[in-house]
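Peer 1: Encoded as structure tokens, here's the structure I'll be asking about.
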Amino acid sequence: RLQLNERLKVLQGKRPTHVLALHKHQLATLLHRLHSKSQHALSEQQAKVGKINAILQAFNPQKTLERGFTMTTDEAGKLIVSAKDAKKLPSLIAIFHDGKVRSKPTS
């Protein structure tokens, strides 16, 4: 009688509805873990992108221009970084945050 009850329990554990319910529960658990991990990974990547964006903004030439600085180029757009080079050119372009001004170097 005891063996019969034990075998009945084993068979009940192998019923298709029981096996499907078990697999459904396992899938739900895995899906929850996957969602949680992916949300965490996404948050980490968004934080990294935010930090990179802040660094890029710190080096953005437009931000420097908005603080009152200018960039000076020749007519072709080549950056002029010294007075010596500027004096050799017939004209310069000063780039401000709100536009450009053409000028002629003196002395």
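The values are calculated or read from the model by the stated rules, or taken from the named source; none is laboratory data. All values reported here derive from a predicted model rather than from experimental measurement. As a convention, Cβ positions derive from the backbone with ideal geometry for all residues, glycine included, and neighbour counts pool all protein chains shown. What goes into the accessible areas is simple: the full protein's heavy atoms, side chains included, and nothing from ligands, DNA or RNA. Shrake-Rupley method; radii C 1.70, N 1.55, O 1.52, S 1.80 Å.
Peer 1: Given the structure, is I52 of a type in the set (V, I, T) and in a helix (DSSP H, G or I)? Steps first, please.
Peer 2: Numbers: of a type in the set (V, I, T): yes; in a helix (DSSP H, G or I): yes.
The answer is yes for I52.
Peer 1: Please find, among A86, A94, the residue that is surrounded by 10 or more Cβ atoms within 10 Å (Cβ to Cβ), assigned to a helix (DSSP H, G or I) and in contact with a strand residue (DSSP E or B) (Cβ under 9 Å, 6 or more places away or on another chain).
Peer 2: Sole residue among the options that is surrounded by 10 or more Cβ atoms within 10 Å (Cβ to Cβ), assigned to a helix (DSSP H, G or I) and in contact with a strand residue (DSSP E or B) (Cβ under 9 Å, 6 or more places away or on another chain): A86.
Peer 1: Checking A76 against (1) modelled with pLDDT under 95; (2) part of a loop (DSSP other than H, G, I, E, B), which single condition isn't satisfied?
Peer 2: Single failed check for A76: (1).
Peer 1: Look at L27 and say whether it is hydrophobic (A, V, I, L, M, F, W, C), within 30 Å of the chain's Cα centre (by Cα) and at pLDDT 95 or above.
Peer 2: Working: hydrophobic (A, V, I, L, M, F, W, C): yes; within 30 Å of the chain's Cα centre (by Cα): no; at pLDDT 95 or above: yes.
Answer is no for this residue.
Peer 1: What residue, of Q57, Q62, Q39, Q46, is polar (S, T, N, Q), part of a helix (DSSP H, G or I) and open to solvent by 100 Å² or more (accessible area, probe 1.4 Å)? Let's see the steps before the verdict.
Peer 2: Numbers: Q57 fails: open to solvent by 100 Å² or more (accessible area, probe 1.4 Å); Q62 fails: open to solvent by 100 Å² or more (accessible area, probe 1.4 Å); Q39 fails: open to solvent by 100 Å² or more (accessible area, probe 1.4 Å).
Selected residue: Q46, the only one of Q57, Q62, Q39, Q46 that is polar (S, T, N, Q), part of a helix (DSSP H, G or I) and open to solvent by 100 Å² or more (accessible area, probe 1.4 Å).
Peer 1: How many residues does the stretch 13-24 contain that are modelled with pLDDT under 95 and surrounded by 10 or more Cβ atoms within 10 Å (Cβ to Cβ)? Walk me through it before giving the result.
Peer 2: In the first step, residues of the stretch 13-24 are kept if they are modelled with pLDDT under 95; the result is 13-23.
Next cut, surrounded by 10 or more Cβ atoms within 10 Å (Cβ to Cβ) only: 13, 15, 18-23.
Within the stretch 13-24, residues that are modelled with pLDDT under 95 and surrounded by 10 or more Cβ atoms within 10 Å (Cβ to Cβ) number 8.
Peer 1: Residue under question is T72, and the condition is that it be under 31 Å from the mean Cα position of the chain (by Cα), polar (S, T, N, Q) and surrounded by 10 or more Cβ atoms within 10 Å (Cβ to Cβ); does it hold? Steps first, please.
Peer 2: Numbers: under 31 Å from the mean Cα position of the chain (by Cα): no; polar (S, T, N, Q): yes; surrounded by 10 or more Cβ atoms within 10 Å (Cβ to Cβ): yes.
No.
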